[in-house]
Amino acid sequence: MKRKKIIIGNWKMYNGPEQGHIFLHKLEEKLNNKKINCDFAIAAPFVTLPYIMPHDHGTNKGIEIDLCAQNFHYQNEGAFTGEISLAMLEQLGVRYGIVGHSERRQYFNETNKTVNLKLKAALNSSIIPVMAFGETLEEFEKNQTDDVILKQLTEGLKEINKTQIERIIFAYEPIWAIGTGKTATPKQAQKTIKKTREIIANIYDQKTAEKVRIQYGGSVKVENIKELMEQKDIDGALVGGASVDPDSFFKLITYDQN
Ligand code: 13P
């Protein structure tokens, strides 16, 4: 089964409304009449999201940049200072939302339990969750990668059924490769992503596992994206640093045309 690639730029805490506006303008110029073969989206800071909405949303003149949230709360509303709900993101027309990014796990107490709550909440909304997971350098060096991702996936996907899981996009991001310039080799990334598919097949079934899209993330850039995307089980990329600049992001989403 052919799975369509999906490339998401995760801006993290870069590009405010001003830079987002300029980015959109530049990217739209480049995309003019260009055919893009993959799905693509930008996970901008919350305040920037409204500034990267295509000007001609709803017409077929321009391109559609899908919006992605970097995080969201699992409750609909409430006294949760500083948080954003899925319903709020829906009002903006946001399509995707990242869950369990390693930086959120590391600095903001995101756990497999909250990942699970967020996934379930997203699956009850129109937002498509992008579930990030991956091992630390220490776990990698101790050869514990498979055990770590098994635990993250099993606990994160608790009580989520077969039909629901097909809506989830997975993003394998080895923590030692994030922002370090140290990319997992295409072979290493393929190996763990294949393992991920096997784990999903064990929890659900083979057919379901063949359907879900699994991205790789960690120092993906213009120079290495093509080789990564050629791997059998890698269905896209979650890109940090190299997605912040419009020229670079454009090259990433047209990697197959150069
Ligand atoms: P870098 O591409 O900057 O390594 O970041 C990866 C990442 O964390 C994307 O979510």
Review point. Across bins of 10 angstrom width beginning at 0, how are the C-alpha pair distances of the stretch 88-143 distributed, in whole percent?
Key: 23, 44, 25, 8, 1
Point to revise | Residue exposure sequence - D39, D247 - by fewest surrounding Cβ within 10 Å | key: D247, D39
Exercise for review: Return the sequence-ordered ³J(HN,Hα) values of the stretch 38-53 in whole Hz as given by the Karplus equation 6.51 cos²θ - 1.76 cosθ + 1.60 applied to θ = phi - 60°, using x for Gly and Pro.
Suggested key: 10, 7, 8, 8, 10, 9, 9, x, 3, 5, 8, 3, x, 8, 10, 6
Review point. Across 5 Å bins from 0, what is the distribution of all Cα-Cα pair distances for the stretch 1-48, in whole percents?
Key: 5, 18, 22, 24, 16, 10, 4, 2, 0
Exercise for review: Let me know the whole percent of all Cα-Cα pairs from the chain that are separated by more than 31 Å.
Suggested key: 20 percent
Practice item. Could you pull out every residue, at least 5 positions away or on a different chain, whose amide H is within less than 5 Å of the one on V239? Hs are placed 1.01 Å off N in the peptide plane, and Pro or chain starts have none. Key: I8, G9, N10
Study note, to complete from the structure: Check: C-alpha center the stretch 11-53 vs C-alpha center the stretch 132-154, spacing in Å is 32 Å
Revision key, fill the gap. By the C-alpha gyration tensor axes a ≥ b ≥ c (rounded if a/c is under 1.5, else prolate when a/b exceeds b/c, else oblate), the shape of the stretch 104-220 is prolate
Point to revise | Computed helical MRE - 222 nm, the chain, DSSP H runs ≥ 4 contributing -39500 (n - 2.57), nearest 500 | key: -10500 deg cm²/dmol
Review point. Relative contact order, percent, of the stretch 134-258 when contacts are C-alpha pairs under 8 Å separated by at least 6 residues?
Key: 25 percent
Point to revise | Relative contact order %, the chain, counting alpha carbon pairs below 8 Å whose residues are six or more apart | key: 21 percent
Check your understanding: Taking amide H positions as placed 1.01 Å from N in the peptide plane, with prolines and chain starts having none, which residues 5 or more places from G97, or on another chain, fall under 5 Å of its amide H?
Key -> A69, I128, V130
Review point. When the Cα centres of the stretch 98-122 and the stretch 165-240 are compared, how far apart do they sit, in Å?
Key: 18 Å
Review point. Nearest 20 debye, what's the magnitude of the dipole of the stretch 4-107 about its Cα centre given +1 on Lys and Arg Cβ and -1 on Asp and Glu Cβ?
Key: 480 debye
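Readers should treat all values here as calculations from the given coordinates under stated rules, not as data from a laboratory. Computed from a predicted model, the values in this text were never measured in an experiment. Cβ sites come from the backbone with ideal geometry, for glycine too, and all protein chains shown count toward neighbours.
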